[in-house]
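Structure record follows, encoded as structure tokens.
We did not get these values from a lab; they are worked out from the coordinates using the rules stated. Computed from a predicted model, the values in this text were never measured in an experiment. Every residue, glycine among them, receives a Cβ derived from its backbone with ideal geometry; neighbour counts consider all protein chains shown.
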């Protein structure tokens, strides 16, 4: 999402932040469609691969309080709300 945002809004964003525009942004601006489509495709591919593992773990204070791998199911509210 950051790549897409920089590609579409970088030329307006950096002047607002009083920062010099990076040289790499010029290449992104020249090929906006290809960069946005590639970033979208790559992001979706990575997201799908991460979701297909079935791993879902909840940590609090460095301690694991829930693991989908261990239980085979997603947590319910009671299983993770005791931490709060």
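Here are the numbers:
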item	result
Backbone N under 14 Å from the residue 3 label point (7 Å along Cα→Cβ), restricted to region 17-57	25, 27-29, 31-47
Neighbour-count order for 9, 14, fewest beta carbons within 10 angstrom listed first	9, 14
Region 2-52: relative contact order in percent, alpha carbon pairs under 8 Å with at least 6 residues between	41 percent
D_trans [Stokes-Einstein, Kirkwood Rh over alpha-carbon pairs] for region 31-79, 10 °C, 1.306 mPa s, µm² s⁻¹	120 µm²/s
The chain pair-distance distribution - Cα-Cα, 10 Å bins, rounded %	15, 28, 18, 22, 17, 0
Contour excess over end-to-end distance, with Cα ends at residue 51 and residue 73 and 0.36 nm allotted per residue	6.5 nm
Kirkwood hydrodynamic radius of region 9-54, from inverse mean 1/r over distinct Cα pairs, in Å	12.5 Å
Packing-based ranking, highest mean first, of 54-64, 30-40 given that Cβ atoms within 10 Å are counted	30-40, 54-64
